[in-house]
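Okay, so here's the structure we're looking at.
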Amino acid sequence: MGKAYIKFKGFTNRACEFYPCHQGVKKAFNCLFCYCPLLERECPGPYQVFTDKYVNIRKDCTECNLPHDGIEQSWRFIQMWVATAPTWDKRPQSGEKIRKYAQVVKTTFDYKDIEWATTQLEASSTQSYAGAQGSEGV
């Protein structure tokens, strides 16, 4: 069997002045996605919507740890989600939106590959957004 190449999938920068920048990470902290590639995509992570001083609608992903929780798991999650998620509609997160896009991921990829991600999505859709402010349908 050949050598497993996984170092490109992430790293932990304990010397960073912001480390750890997200709470609740249980596995090896992945700093590769410090600036999440899902900022302009629909995503299942918890986020708040705000308007910046230039009147741009943005996400505050402070509470999200999906791209950081485990080197291997977060790498697979980002790869799957980027491949399927549509552009963010600038609306607040909702359980309905999460369930809709989680279904896209589930039907696009082999379940074995996304076991970790689907567990995270299912937990997020039932817990984090039950009382989300401004929750809307898709």
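Every read-out reported here was derived from the displayed coordinates using simple, explicitly stated rules and does not represent laboratory data. Quantities reported herein were computed from a predicted structural model and do not represent experimental measurements. Heads up, the Cβs are rebuilt from the backbone with ideal geometry, glycines too, and the neighbour counts pull from every protein chain shown.
Between LYS26 and LYS7, what length comes free when the chain is fully extended (0.36 nm per residue of separation minus the Cα-Cα distance, one decimal in nm)?
Gain on extension, LYS26 to LYS7, equals 4.9 nm.
In this structure the amide hydrogen of CYS36, modeled in the peptide plane, comes within under 5 Å of no amide hydrogen from residues 5 or more places off or on another chain.
For the stretch 1-81, the list of GluC sites (Glu not before Pro) that fall in a loop by DSSP and count at most 16 other C-beta atoms within 10 angstrom reads GLU17, GLU40, GLU63. Among the trypsin sites (Lys or Arg not before Pro) found in the stretch 38-102, those both in a DSSP coil and sparsely packed, with 14 or fewer other Cβ atoms within 10 Å of their Cβ, are LYS53, LYS90.
Which far-off residues, 5 or more places away or on another chain, put their amide H under 5 Å from the one on ASP69, with H placed in the peptide plane? Here ASN30 satisfy the definition.
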